[in-house]
Each structure stands twice: as C-alpha cells, then as structure tokens.
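Trainee: Dumping the structure here so I can ask a few things about it.
What follows is calculated from the coordinates using simple rules that are stated; it is not laboratory data. Remember, predicted model here, so these are calculated numbers, not experimental data. When we count neighbours, we look across all protein chains shown, and the Cβ atoms used for this are built from the backbone with ideal geometry, even at glycine.
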Amino acid sequence: MATLREYFDSDFNYAARVHVRFPNVEYANVEGAVLYDFAGHAAFVACFVEGENHSLDFFLKFLEALQFGKSQLALNGKVTLPSARAFPGELEIGNTNPFEMRARFHGDPEWISIRDISASTRIFIYSETPLELNAIAQLKVRARELGQKLQFRSLDHARERSKHETPLAFICHDSRDKLEYAKKIAFELQRLMCPVWYDEFSLKVGSNLRESIERGLKTCRKCVLILSSNFFSNRGWTKKEFDSIFTREILEERQLILPVWCNVTKEQVYDYSPSLLNVKGLSWHELGEAEVCRHLCNSILDLDRGS
C-alpha cells in the first residue's frame, strides 16, 4: 500500500512542482508546494502535514495563515518537473530573481511563463493526523469563508486509494540494497503513475509474508530484478523470488524479468544464471536513477511497443 506521503509526492505528476516553506515557526512541520498546471493555466497549493496529533484548531489557523496574495511563501531551492509521460512539451527554468519557469508544448511556438498562469484558490492538504468527518466539514466551511477550495486527504484517503491500485511490477531485491536502489526505484515508479509491489507499500502489519509475495509474483506484469553482489549471495527470499518468476516465464512463454545491473559484471551474472545474460539489462551506474526508472516505466507500461 502506498503511503500518504508517497501520494503527496506522486499526485499531479502533470504539473511542475515548486517546493516552498512557510515562514511561520508553528508550521515548520508543514511541507508545501505550488503546482503549476501549464495546460490548464492554473496554479494551486498542496501541503503535507507531518505528525498525527494536530488539532482541528491547528488546521483552522493554518488556513487563515495561507491566504492568497497575503501569505509569504519562501522557495526552498527544489523544483520537481512533471513526468515526461504526462507532459507533452518542454520546460525551461531560469536561475533568476524572481524565479522564472516557462513551458512550451510540442508543435506550439508559444512559451508560457508561470507569470501567465492564474492563481487558483484550490488547496490540497495531505495530513497524517486523522480528523473526524464533522471536523473536516468544519474545516471546509472555514475554507469557503476564506475564499478557498479545500480538499483534505488523510490516511483513510491513502488506504481507500490503495485498495483499487493493482501493482504492475514486483521489485525483487536484497534487503541490503533497499535504501540505495530498491526504494528509489519504487518511489520513482510510483511518481510516474506505475504502481509496484514493494514491501514497504504492500505489506501490512500481520500480513502473511509468503502469501503476499507469491500473490505479487503471480499477478504483476513485470518483475524488476535488482542485481548486485548482495543479491547474488542471498540464498533466501530473493533466490526463491527469482526461481518463481523464472518458472512463470517458462510457463507463460513471455519475458517478465527486467534486470537492473548495480555494479556487477557479466561474469557475476553468468555465474548466477547464464540465461540472464540473454535479457537486456539497465546499468544503474551508467544510466543513472532517472533514466533507469524511465526505461523501466516504459517497459512495464508497454510504452516502447511500436517505437
């Protein structure tokens, strides 16, 4: 199951995201972003509120502090560009003061500046603090009084969304490679709207590990193999996962494995499984994180067919 934080990071992947911070000390735990939808000519705000113990009063005061044309938002130096799959054009960012960003759609000669985009009063709040429905209703009433159009997204929102998302790829990795490779791939594929089976997303407290893994291996469209020295030395779960997906390839007579080579040699791959050398892999250290994930996404979603 994807977390609320992951939905905050991956939602609106068609828009350019300018990360901001709020000058008020009491909102230091609130992460903000101004999202520029160049196609819709609208800009709106999304916020992630960390922590599970905020009161309704906290959110009411936050809305009052976040008034369009009055609140001061400071850039934190980070910009997240829309995914190439979701944005049919090119973007240009200027290192200027004031900050500038422009977009041009394929086949259109006009450049659109963020200064040409109208500010919407739409606000999305992603909150780790659960609020009762009547409290959310009060919050929305106050937002309307302030001229804002609020949507409150909580942990319940994340749980309900995850119920309807079927993972398209299984991330098979050694646990020692989780932070350096697996987590980065899983998060980026989620951001590219390519849901994956990854233990942090897919396992709930009390889940049967074997049943959950086998279900993921049986139903996913592809299996991303993170090949590393750690992977090759693991004779536990990762070996079982590899054997399962290899058996499924034979049964279904189609390619399911997408190898990512992480600082390994052809000799190491051959020693582990000679047949893996016949499968085109992606080199993490030659291509880099973004390019590896782009290729994986295209393969999983079958976007390369006919290209």
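Trainee: Over the chain, calculate the relative contact order: mean separation of alpha carbon pairs under 8 Å at least 6 apart, over the residue count, as a percent.
Mentor: 17 percent
Trainee: Counting only residues 5 or more places away or on other chains, whose amide H sits under 5 Å from the amide H of R221 once H atoms are built in the peptide plane?
Mentor: A169
Trainee: Shifting gears a bit: I want to verify a result. In a Gaussian network model of the chain, Cα cutoff 10 Å, which of these has the top mean-square fluctuation: P109, P82, P167?
Mentor: Its mean-square fluctuation being the largest, the pick is P109.
Trainee: Oh, and also: Pick from A137, A15, A42: which residue has the top mean-square fluctuation in a GNM of the chain where Cα pairs under 10 Å get a spring?
Mentor: A137
Trainee: Shape verdict for the range 29-178, please, from the Cα gyration tensor: rounded (a/c under 1.5), prolate (a/b greater than b/c) or oblate. Present the calculation step by step, with values, prior to reporting the outcome.
Mentor: On the way: a/c = 1.89, a/b = 1.14, b/c = 1.65.
Taking the square roots of the gyration eigenvalues as a ≥ b ≥ c, the range 29-178 is oblate.
Trainee: Determine by what factor the alpha-carbon radius of gyration of the range 166-300 differs from 2.2 N^0.38 Å, reporting the quotient. Please list the in-between numbers first.
Mentor: On the way: Rg = 13.7 Å, N = 135, 2.2 N^0.38 = 14.2 Å.
Working it through for the range 166-300, the quotient is 0.97.
Trainee: Still on this model: Of K184/K280; K178/K280; K61/K183; K218/K280; K183/K266; K78/K149, which sit over 32 Å apart, Cα to Cα? Don't jump to the answer; show the numbers that get you there.
Mentor: Values: K184/K280 21 Å; K178/K280 22 Å; K61/K183 35 Å; K218/K280 22 Å; K183/K266 25 Å; K78/K149 26 Å.
In this structure, K61/K183 exceed 32 Å between Cα atoms.
Trainee: Rg(Cα) of the chain divided by 2.2 N^0.38 Å?
Mentor: On the way: Rg = 22.1 Å, N = 307, 2.2 N^0.38 = 19.4 Å.
So the Cα radius of gyration is 1.14 times the expected 2.2 N^0.38 Å.
Trainee: By how many nm would the segment from R5 to E180 lengthen if fully extended, with 0.36 nm per residue of separation less the alpha-carbon distance? Mind showing how you got there, number by number?
Mentor: Numbers: separation 175, 0.36 × 175 = 63.00 nm, distance 1.93 nm.
Contour length minus the Cα-Cα distance gives 61.1 nm.
Trainee: If you don't mind, another one. Which residue, L75, L296, L133, tops the fluctuation ranking in a GNM of the chain built on C-alpha contacts under 10 Å?
Mentor: Per the Cα network of the chain with a 10 Å cutoff, L133 tops the list.
Trainee: Enter the Cα centre distance for the pair the range 77-97 and the range 124-201, rounded to the nearest angstrom.
Mentor: Distance between centres, Cα-based: 23 Å.
Trainee: Let me ask you something else. Between E286 and R122, with labels modelled 7 Å along Cα→Cβ, what's the label distance in nm to one decimal, could you check?
Mentor: With each label placed 7 Å out from Cα toward Cβ, I get 4.2 nm.
Trainee: Could you tell me what percent of the DSSP beta bridges with both partners in the chain are antiparallel, to the nearest 5?
Mentor: Working: 25 of 50 bridges.
The antiparallel proportion sits near 50 percent.
Trainee: For K140, give me every one of the aspartates and glutamates with a C-alpha distance below 18 angstrom, ignoring sequence neighbours fewer than eight places off in its own chain.
Mentor: Answer for K140, where 18 Å is the Cα cut-off: D57, E64, E128, E132, D156, listed by chain and number.
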